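Undergrad: Sharing a structure with you now.
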Amino acid sequence: MPYFSLEAVMQLFEGETLVPGSIQTLLYRWMKNGLVYQLRKGLYTSRRFVELHRADLDFAPAISAVLIPQSYVSLEFVLQRRGLLTEVTYPITAVTLKHTRVIENKLGIFSYRSLRADLYLGYELHHYAGIPFAMATPAKALFDTLYFRPLPAGFSPTKSNLAEELRLNLEDFTPAEVDEFARYVTLSKSKKMLTLLKNLKESVWLHSSN
């Protein structure tokens, strides 16, 4: 079982006479002994499951979806996974319609950014160990990253090379991915994003048909 809730454990003992709080005490002992990890309040996973799956590529994205089901993995995590980001990043980054928050547990740091509803798109659905999760396409991950990130200090629309300044490897973006990124920029109606799109087209994507 990839994860379980406090309610699920209580159902296992349904019909038995238990001292109030005994199940919570049991879970506390399991956590203290390292047999169980708490993902967030009321939600747990076993050390055995983590040991068996932690090295898998889709493990962290799936756990991210368990923590906040209405979310999709995006931003630096996806860029790094695609090889578009040269800097090392540690948090698992995701987008949600809920509040911006950071959840830290034994498995790592999971960062969630709140995005407006009309821009909550551009992701694909996957499954791992029975857990459904969503992940942004590279183009949407790039959009989300630039949308949330402030402009670099001293950035000039005509003189700066945004990709170099942010250490982004965007030369391998296909024309279709460039078009996809441009669609999100148009949808956003953001002057900042329109400026960044123009900069990337002129400094990186000159080889494309855009």
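Undergrad: State the extension gain, in nm to one decimal, for the chain segment bounded by Leu121 and Arg40, taking 0.36 nm per residue of separation less the distance between their alpha-carbons.
TA: 26.5 nm
Undergrad: With axes computed from alpha carbons, what is the tilt in degrees of helix 191-203 against the longest principal axis of the chain, rounded to the nearest 10 within 0 to 90?
TA: Roughly 60 degrees, rounded to the nearest 10.
Undergrad: Now for a separate question. Given a Förster distance of 22 Å, report the FRET efficiency between Lys106 and Arg82 from their Cβ-Cβ distance, rounded to the nearest 0.05.
TA: 0.20
Undergrad: On alpha-carbon atoms, Rg over Rh for the range 10-76 using Kirkwood Rh?
TA: Here the Rg-to-Rh quotient is 1.07.
Undergrad: What accessible area per residue, rounded to a whole number of Å², is obtained for the range 1-149 using a probe radius of 1.4 Å?
TA: Using a 1.4 Å probe on heavy atoms only, each residue of the range 1-149 averages 54 Å².
Undergrad: Just to be sure I understand the model, the point goes 7 Å from the Cα along the line to the Cβ. What's the resulting Leu97 to Asn33 distance in nm?
TA: Here the modelled spin labels are 4.3 nm apart.
Undergrad: Of the options Thr25, Pro132, Tyr3, report the single residue whose Cα projects farthest towards the positive end of the charge dipole of the chain (beta-carbon charges: Lys, Arg +1; Asp, Glu -1).
TA: Toward the positive end, the furthest listed residue is Thr25.
Undergrad: Share of the range 1-138's accessible area from carbon and sulfur, percent, 1.4 Å?
TA: 55 percent
Undergrad: OK, next. Tell me which lysines have Cα within less than 21 Å of Lys191's Cα, excluding those fewer than 8 residues away on the same chain?
TA: By straight Cα distance, Lys191 reaches Lys140, Lys159, Lys201.
Undergrad: Rounded to a whole number, what is D in µm²/s for the range 114-210 from Stokes-Einstein with the Kirkwood radius over alpha-carbon pairs (4 °C, 1.567 mPa s)?
TA: 90 µm²/s
Undergrad: Would you kindly derive the ³J(HN,Hα) couplings of the range 92-105 from the backbone phi angles with the Karplus curve 6.51 cos²θ - 1.76 cosθ + 1.60 (θ = phi - 60°), listing them in order in whole Hz, with x for Gly and Pro?
TA: My calculation for the range 92-105 gives 7, 9, 9, 10, 9, 8, 7, 5, 4, 7, 10, 10, 10, 8 Hz in order.
Undergrad: Expressed in nm to one decimal, what extension gain is obtained for the pair Ser114 and Leu12 from 0.36 nm per residue of sequence separation less their Cα-Cα distance?
TA: 33.1 nm
Undergrad: Kindly identify the range 54-129 as rounded, prolate or oblate by the Cα gyration tensor criterion: order the square roots of the eigenvalues as a ≥ b ≥ c, call it rounded if a/c is under 1.5, otherwise compare a/b with b/c, prolate if a/b is larger, else oblate.
TA: Note, shape of the range 54-129 comes out rounded.
Undergrad: Tell me which of Phe155, Thr100, Leu168 sits at the most positive position along the dipole axis of the range 62-210, charges placed on C-beta atoms (Lys, Arg +1; Asp, Glu -1).
TA: Value computed over the given set: Thr100.
Undergrad: Next question, about the same structure. So what is the accessible area of the range 165-210 per residue, in Å², with the probe set to 1.4 Å?
TA: Result: 56 Å² per residue.
Undergrad: About its Cα centre, what dipole magnitude does the chain give when the only charges are +1 on Lys and Arg Cβ and -1 on Asp and Glu Cβ, stated in debye to the nearest 20?
TA: Value, rounded to 20: 640 debye.
Undergrad: Report, in degrees rounded to the nearest 10, the 0 to 90 angle that the Cα long axis of helix 22-32 makes with the longest principal axis of the chain.
TA: Long axis of 22-32 versus the principal axis of the chain: about 60 degrees.
Undergrad: Here is a further query. I want the local charge near Tyr112. Using Cβ-Cβ distances under 15 Å, sum +1 for each Lys or Arg and -1 for each Asp or Glu among the other residues.
TA: Charge balance in the 15 Å sphere: +2.
Undergrad: Another question about this same structure. Each residue of the range 150-155 in order: what ³J(HN,Hα) in whole Hz does its phi give by Karplus 6.51 cos²θ - 1.76 cosθ + 1.60, θ = phi - 60°, with x for Gly and Pro?
TA: Once rounded to whole Hz, the list reads x, 5, x, 4, x, 5.
The values are calculated or read from the model by the stated rules, or taken from the named source; none is laboratory data. The structure presented is a predicted model; accordingly, all values stated were derived computationally and were not measured. FYI the Cβ positions are ideal-geometry reconstructions off the backbone, even for glycines, and counts take in every protein chain you see. Protein only, heavy atoms only, side chains kept; ligands, DNA and RNA dropped before computing areas. Shrake-Rupley method; radii C 1.70, N 1.55, O 1.52, S 1.80 Å.
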